[in-house]
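Below: the structure, in C-alpha cells.
Taken together, the values in this text are just the output of simple stated rules run on the coordinates, not laboratory data. Remember, predicted model here, so these are calculated numbers, not experimental data. Cβ placement follows ideal geometry from the backbone for every residue including glycine, while neighbour counts extend to all protein chains displayed.
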Amino acid sequence: MKTSEIKKIVDIPGIWNNMKDVEKRLFTATASENQYLTKIAQHLINAGGKRLRPLVSLLAGELGNKNYDKIIDAGVAVELVHLGSLYHDDVIDKSSKRRGVESANIKWDSTLAILGGDFLMAKASELAADKLGIESVKLLATTYAELVDGQTREIELSFNTDYGVDDYIKIVKGKTASLIRTSARLGAIASECDNETIEAISDWALQSGIVFQISDDILDITSNQKSLGKPVGNDILEGTYTLPIHIAINEYGPSFIKKLNSVRENKEKIDDVLEILRDEIILKKTRDIAGKHIAESNKAINRLAESSIYETLLKLNNYLLDRTY
C-alpha cells in the first residue's frame with residue numbers, strides 16, 4: 001500500500017492533519033528517561049510505514065462526536081501495539097530488514113529488540129489508561145492475546161500442508177485482522193459512537209483486515225523483490241503457507257505438495273512453486289475468496305450509508321482488491 005494512493009482514496013484533509021499529530025505523539029509517547037531505550041523504541045517509528053491502523057481509527061472517529069484529541073490517542077495506541085508486535089516478529093523470523101532499515105534484532109540484538117517491543121506495548125496500555133479509559137485498556141489487552149494466538153498457530157503449522165482455507169482464515173483473523181478491527185473500534189469508542197455504529201465499523205474493519213492480508217499474500221508471489229522489499233515467495237521459504245498455497249493444494253494435490261516440500265531442501269526450486277501459484281486459476285480463486293470478505297465488509301457498513309465516510313470505506317475496500325492485479 002502506498003501512502004500517495006491512500007491519500008487519493010481518503011480525500012479528507014482533516015484526517016491527514018490528524019495523522020501528522022499521530023506521528024508527533026508516537027515520538028512523545030515513546031520517549032524514556034533512558035535515551036538508549038528511546039533510541040531502540042523509536043527505531044521503527046523513524047523508519048516510517050503505512051500507518052494503516054491509526055488511519056482506520058481516525059476514519060472511525062468521524063462517525064461520532066469528533067473529539068480528535070482522544071481519537072488521535074486511539075490511533076497512537078493501536079500503532080504502538082502494532083510496532084511492538086513487529087519487533088517481536090522480527091526476532092521470531094530472524095529478519096534482517098524492516099521498512100527498509102536494519103531490524104532492531106540486527107542493529108542491536110534479539111534481547112534488546114524484545115525489550116523494545118515490550119516497552120512499546122506497555123506505552124500503549126499506559127496511554128489507553130490515561131486517555132481512553134479502562135474499556136480501551138481491556139480491548140487492547142484482548143487484542144494482543146489474539147495477535148499472539150494467531151502468530152502461535154502460524155508457527156505451529158509451519159511447513160504443514162494438512163490444514164486448509166478455513167484454518168488459514170482463523171489465523172489471519174488473529175494475527176492481522178483483529179488489530180485492524182480494534183483500530184476501528186477504539187476510534188469509534190473515543191468518538192463516543194452508539195453501539196450499532198461501533199459494531200458496524202468494527203465488522204467492516206475485521207473483514208477488510210482479512211482482505212488486506214490476502215492481498216499481501218498475492219503480492220508476495222506476484223511482485224518483484226524491489227517493490228516488495230523482501231525476497232519474492234519469502235513466506236513460502238519460511239514455511240508460512242498462505243491462501244494461494246492452500247488453493248493450489250486443493251487444486252493439484254500431491255503433485256504440488258511434492259514441489260512445495262522440495263523447496264525446503266533446495267530454495268532455488270521456489271521458482272517452480274511460484275510459477276504454479278501465479279497461474280490465473282490460483283489467483284482468481286484467491287481473489288474470489290477475498291471478494292467474499294469484501295462483500296461481508298460492505299454489508300457491515302450498509303448501516304452507515306448516511307455517514308460522511310461511507311463512500312471512502314467502499315473505495316478502500318475496492319483498493320485492497322484492485323492492488324492485487
Taking every eigenvalue of the Cα gyration tensor of segment 3-322, multiplying by 5 and rooting it, what semi-axes result, largest first, whole Å? 32, 25, 16
Relative contact order of segment 219-298: what whole-number percent is it, with Cα pairs under 8 angstrom and at least 6 residues apart? 27 percent
Cα extents of segment 35-84 along the three principal axes, largest first, in whole Å? 39, 20, 14
Calculate one ³J(HN,Hα) per residue across segment 153-164 by plugging θ = phi - 60° into the Karplus curve 6.51 cos²θ - 1.76 cosθ + 1.60, and present them in order as whole Hz with x for glycine and proline. 4, 5, 5, 4, 9, 4, 6, 8, 9, 8, 9, x
Could you calculate the FRET efficiency of Asp130 with Lys20 from 1/(1 + (r/R0)^6), where r is the beta carbon distance between them and R0 is 22 Å, rounded to 0.05? 0.55
Cα long-axis angle, helix 254-265 against the chain (0 to 90 degrees, to the nearest 10): 80 degrees
Zone reached by a paramagnetic label modelled 7 Å from Lys170 Cα along Cα→Cβ, restricted to segment 196-215 with backbone N below 18 Å, covers 210
Cross-link partners of Lys292 among aspartates and glutamates (Cα-Cα below 20 Å; sequence separation of 8 or more within a chain): Asp166, Asp167, Glu199, Asp203, Asp216, Asp217, Glu251, Glu280, Glu311, Asp322
Gln35 to Arg323: extension gain in nm, 0.36 nm per residue of separation minus the Cα-Cα distance? 99.7 nm
To the nearest 10 degrees, how steeply does helix 13-29 sit against the main Cα axis of the chain, on a 0 to 90 scale? 90 degrees
From DSSP H assignment alone, runs of 4+ in the chain each adding -39500 (n - 2.57), the sum over residues rounded to the nearest 500 puts [θ] at 222 nm at -23500 deg cm²/dmol
Angle check, please: helix 243-252 long axis (alpha carbons) against the longest principal axis of the chain (alpha carbons), in degrees 0 to 90, nearest 10. 30 degrees
